[in-house]
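Quick notes on the structure that follows.
Taken together, the values in this text are just the output of simple stated rules run on the coordinates, not laboratory data. Since we're looking at a predicted model, the values are computed, not measured. Cβ sites come from the backbone with ideal geometry, for glycine too, and all protein chains shown count toward neighbours.
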Amino acid sequence: MEPKEVINGLNGKHEECVTLELESDDNINAAIMSLSLVGKIISERSIKFSTLCAILNRAWPIKGDFESHDLGKNFVLFVFNSEKEKQEVLLQGPWSIQDKHTVLRDWPKEATLEEIDFSLSEFWVQIYNLPLAMINEKNAAKIGSIFPKYIKSNINEGEQVKWDGFLKIKVAMRVDDPLKTGFNLKREESDLSMVYFKYERMPEFCYSCGRLGHPAKECGYKDEKKMNKNSYGPWLRAPSSKKSITSHVMHRRVQAAGDPENSVKASRRRVKNSNIEDRKTGLAAVINEDAEQNVSEQAANKVNTSFCYGEMCT
Ligand SMILES: [Zn+2]
């Protein structure tokens, strides 16, 4: 930036803007960077600060106290007693407060609050309706490329395929964008098939436009409502526990390949755990968006007394 910048003053005259060099406390800087997190609650409604503190005091997996400072407009600064506690909170996220997604970020040196990027947040996405032989790391990364950032999958190192048929990927997605619901899978010998996503610990989102932070009845994207009819709904929320989608058809295919004895034993274990209901994925049913969302929210509030979707709460 130029040392002197001309700006338009309140009186309409052009004035010179002075440049100042201010003191910065190194100790405070170090404490902010190592011990603090700044949070943004993704909601068009304000969350009461005292309520937020009470919820997180119960929910976060740390023994000691932590400081909370209200920065206004759903921004909060948290200061922890140790770096370990801060990392523990990050590790066990994502977190929601009163069903509102909360993005946690480090506060970079010399950055202003407005300069901190809260646009991306990490979620685990479960992926359904994939042919078994396609459930590998290469394809996990390819599916992850649909999102702004692919982080990792649940496929272990050296694992050629996810034999239990359950693929999930951790991705960073834009919190302002509509949720991605899936993709069309091109196959060599069959028609296109639909692969669909379910999001783990998904907080409040709009069943009309698919964005976080507001319910359908408060949606400001009415133009998209017709276009997106039945695209979004409670079926995009993933079950909280791992479920296998192994079927008896897959069982037979497994027996036909690889080490017969090991394959049969492994397949028996998998089939024992399989559940045909898991493949019923909540495919778009015709629903009344507002009514459905209200019922879901009421049910969630009844069950989820701590209003927290962190790891400790599932
Ligand atoms: Zn909306």
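Using the structure shown, select from Lys100/Lys168; Lys86/Lys149; Lys40/Lys222; Lys40/Lys138 the pairs with a Cα to Cα distance greater than 31 angstrom.
On the way: Lys100/Lys168 23 Å; Lys86/Lys149 23 Å; Lys40/Lys222 25 Å; Lys40/Lys138 34 Å.
Over 31 Å Cα-Cα: Lys40/Lys138.
For the range 21-109, the convex hull spanned by the alpha carbon atoms encloses 103 Å³ per residue.
Neighbour counts of other Cβ atoms within 10 Å put His214, His101, His69 in the fewest-to-most order His69, His214, His101.
The alpha carbon centroids of the range 172-201 and the range 96-155 are separated by 14 Å.
Applying a 10 Å radius around every beta-carbon, put 177-187, 136-146, 122-132 in order of their mean neighbour count, most first. Write down the numbers at each step before the final one.
Numbers: 177-187: 14.9, 136-146: 16.7, 122-132: 20.0.
Final packing ranking: 122-132, 136-146, 177-187.
Rounded to 0.05, the FRET efficiency of the Met33 and Ser231 pair, given R0 = 35 Å and the Cβ-Cβ distance, is 0.30.
What's the local net charge at Ala140, with K and R +1, D and E -1, over the other residues with C-beta under 13 Å away?
On the way: positive: Lys138, Lys142, Lys152, Lys162, Lys168, Lys170; negative: Glu137, Glu157, Glu159.
Value of the local net charge: +3.
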